[in-house]
Amino acid sequence: MRSLYDIAIIGSGPAGLSAAVELSKSGLTIALFDEQSSAGGQIYRSAERFSFSEKPYLGQEFEYGTLLIKEFKKSSIDYFPGSSIWQISRELEIGVSLKKQSYLIKARQVILATGAIERPFPIPGWTLPGVSTIGSAQILLKSHGLAEDHSILIGSGPLLYLLAVQYLRAGVKIKAILDTNNSKNKFRALAFLPRALGRLDLIYQGVKWISEIKNAKLQYVNKVSKLELIGTKHLTSVAYETEAGVTGEIKAKRALLHQGVTPNINLSMATRCDHIWDPIQLCWKPWVNVNGETTIPNLFIIGDGAGIIGAKASEASGHLLGIQIRSSLKSTQDVRNSKNYKSWQSILSKELQFRPFIDTLFKPRKNFRIPDSSHTIVCRCEEVTAQQVQENIRLGCLGPNQMKAFCRAGMGPCQGRLCGITISEIIASERNVPVSDVGYYRLRPPIKPLTLLELANLNNTINPQSAKDY
């Protein structure tokens, strides 16, 4: 590992890989770091390890990821799989742990392509054993071909329907699907439908998924407006109520939750670059200019980490930034007139036109973001309930950082990844102010858990793994 790189890329999903592919042609010294043992990110997890014929139930989109990874493997940049980034300073000094050793390196430019994480789903019982997320179920399915029969799938959004279809095609038995999508969302989304028609293929795909689910003749309940996961030592059943007042309870030992994704902002927040609240996607995201540069010079954020845009748009953003940086080395070249740049710009524009429709259609219900039940745990690491948060607000706690001192919310190992948005929204609701006025946790390194052994081995050298070799 060098002590100084021209460019360091964090994340090997569609955005990070495409940026690496473009920048590998520049002659610059480049490093790519990723926590996973193989490239692809969450969307293309394990795509390199399995052929489409081995896992046809994952769909053609999954197979597309293998092409991007193969293109990346042709490059000779320094690649560090299985690495954990625990610091990025404003001076672009990077703290990284790899194989129980830690390093501090510098980069002239840093590209964050950290992707997205699942939105918290704080409902009664969501911390019970037997309850996990749709995303974690997909990791098991993609990485190991594992799934548990008779699970209840709960929530809304494309990923929920995708997993249901993948399960059905793989022969996995689904106990029931509880669709929490608000019926009012469909009418609100109609205003954005004309712009979304540029991606009729995605609309058709969604309709096909839902049709396939309904044709499977499994228990499917839509317009679910209230939920409770019941159990003591383990999940035993799920109680629900629909918008029409219909109630029911389904016995189950396994439930999978999902209500969309949000940008993974812990690293970007720790750099103290500016962030804004997105009232449409209901999440915090870093402020970036048209080139993806943040308020810290030479720190770029692309893909879903800068706002949810999807896999194809993330790939386009990586290519565009890579071309932009390469062209800056040749001041006589106008990158905007290049055929390659225009092609990826067209793809990105088309994908972004689709986002307002999908974001509005699957906007999560308020009571599934801000719990109705005061006894619901909102900070899983420290087991802080909604009631504790509300009581502290009444005592004068005005923001998330004060909340840490009042009740330790956000002080656990995840550093707010699973509660940050919830805490911000609860405070804003209780104070009757915009979420943008409340703010977010102030994060400090180490962003990820770091052992004393790793610190003791700081700055040891290691030979990088070439992308061609892995």
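What to note about this one:
- Mean-position separation - Cα centroids, segment 158-180 and segment 30-87, in angstrom: 24 Å
- Annotation: cysteines of the chain without a disulfide-compatible partner (Cβ-Cβ under 4.7 angstrom) are CYS273, CYS283, CYS381, CYS397, CYS407, CYS414.
- Overall dimensions of segment 353-470 by Cα: Rg and Dmax, Å: 19.1, 58
- Taking every alpha-carbon pair under 8 Å whose residues sit at least 6 apart, the chain reaches a relative contact order of 21 percent.
- Averaged per residue, the chain has 44 square angstrom of accessible surface, using a 1.4 angstrom probe with ligands and nucleic acids left out.
- SER97 contributes an accessible area of around 10 Å² to the protein surface, as traced by a 1.4 Å probe with all chains present.
- Residues whose amide H lies under 5 Å from that of TRP86, counting only those 5 or more places away or on a different chain, are GLY95, VAL96, SER97; hydrogens are built 1.01 Å from N in the peptide plane.
- Measuring against 32 Å, Cα to Cα, the residue pairs LYS55/LYS214; LYS175/LYS404; LYS70/LYS208 contain LYS175/LYS404 as the ones spanning a longer distance.
- Local net charge near GLY198, Cβ-Cβ under 14 Å (Lys/Arg +1, Asp/Glu -1): +3
- Ellipticity estimate at 222 nm from DSSP helix runs (n ≥ 4, -39,500 (n - 2.57)) divided over the chain, nearest 500: -10000 deg cm²/dmol
- The packing ranking of peptides 60-66, 206-212, 178-184, highest mean first, is 178-184, 60-66, 206-212, where packing means the average number of other beta carbon atoms within 10 angstrom of each residue.
- Summary of the geometry: segment 217-277 and segment 127-154, compared by the centres of their Cα atoms, lie 13 Å apart.
- Positive-end residue, segment 1-137 charge dipole about Cα centroid, Cβ charges, pick of GLY95, GLY130, LEU23: GLY95
- Here the accessible area is traced with a 1.4 Å probe on the protein chains. For segment 126-206, carbon and sulfur cover 62 percent of it.
- Accessible surface, 1.4 Å probe, highest first, among residues ILE94, ILE230: ILE230, ILE94
- Within the straight-line cut-off of under 16 Å between alpha carbons, the lysines reachable from LYS363 are LYS184, LYS186, LYS223, LYS226, sequence neighbours fewer than 8 places apart in one chain being disregarded.
- Nearest-10 value in Å² for the accessible area of PHE362, using the 1.4 Å probe: 40 Å²
- For the chain, the C-alpha radius of gyration divided by 2.2 N^0.38 Å, with N the number of residues, is 0.98.
- The distance between label points at GLU212 and LEU453 comes to 4.4 nm (points 7 Å beyond Cα on the Cα→Cβ vector).
- Subset of LYS25/LYS342; LYS25/LYS312; LYS73/LYS100; LYS100/LYS233 violating a 29 Å alpha-carbon distance limit: LYS100/LYS233
- Order by protection proxy (mean Cβ within 10 Å, highest first), peptides 27-35, 7-15: 7-15, 27-35
The values are calculated or read from the model by the stated rules, or taken from the named source; none is laboratory data. Since we're looking at a predicted model, the values are computed, not measured. Cβ: placed from backbone, ideal geometry, glycine included. Neighbour counts: every protein chain shown. Ligands, DNA and RNA are excluded from the accessible area calculation, which covers all protein heavy atoms including side chains. Shrake-Rupley method; radii C 1.70, N 1.55, O 1.52, S 1.80 Å.
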